[in-house]
Each structure stands twice: as C-alpha cells, then as structure tokens.
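Before any comments, here is the structure.
The values are calculated or read from the model by the stated rules, or taken from the named source; none is laboratory data. If you're wondering where the values come from, they're calculated on a predicted model, not measured in any experiment. All Cβ positions, glycine included, derive from the backbone under ideal geometry; neighbour counts span all protein chains shown.
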C-alpha cells in the first residue's frame, strides 16, 4: 500500500493505493458501441455533412429550394468561430436535417442536394 497526497482545486486529499499482481486483475465486460444514428435527412442526392462539431446559428435554405454552387446553406459555430457551410454544387435542396440552435457532431447530415 502506497500513500499519496493529492491537491484537487485547492483541496488536499490523502489517498492510499494498493498495488495488485497481474493474476489479481479483474476484467470487465466490453462495453457495446452505441447504435449508429439513423440518417436525419431522407432526401435524395448528395448529403452535406458537418465538417466539425458545433451549433447551427442559421439555416439559409429549405427543402425544395434551388441553390447555386458556393451558396451559403447554413452557418455552423464551432470554437467561437462562424463557419459557412456552402453548396458543393448547384441543385435542389431535397431535405434539411437541422434547424437553428441544433447541436451537431462531425459527420452529421445537415441537408441533401440533388
């Protein structure tokens, strides 16, 4: 048994840690991976995904709208910076999967363009 003194946010704690041999190590059941998210945008066409995690500040398009290549589809705030999500091609927006205020993870579908 070894004793250690640890300071956490200005509060001091004394802890005792016991060393165990390899034969005493207990294994735990492997945690199951979370189920994959179902696609939120069921529209046909190219899926536009979030390049990074963040919050949707504005959505500038709606389903059925025609867009030009390079047109700003939405604004994604990440790390206190506003990132414009632009249309990679001209076409028709077939589905919008997010709304203003949504939180997204990297790879989440934002919309689809046909």
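Which of the residues that make up the stretch 15-46 are in a loop (DSSP other than H, G, I, E, B), surrounded by 10 or more Cβ atoms within 10 Å (Cβ to Cβ) and either at pLDDT 55 or above or touching a helix residue (DSSP H, G or I) at 6+ places or on another chain (Cβ under 9 Å) (or both)?
42, 43, 44, 45
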Tell me, which residue of the stretch 72-109 that is loosely packed, with under 12 Cβ neighbours inside 10 Å and under 14 Å from residue 51 (Cβ atoms) is nearest to the chain's Cα centre (by Cα)?
105
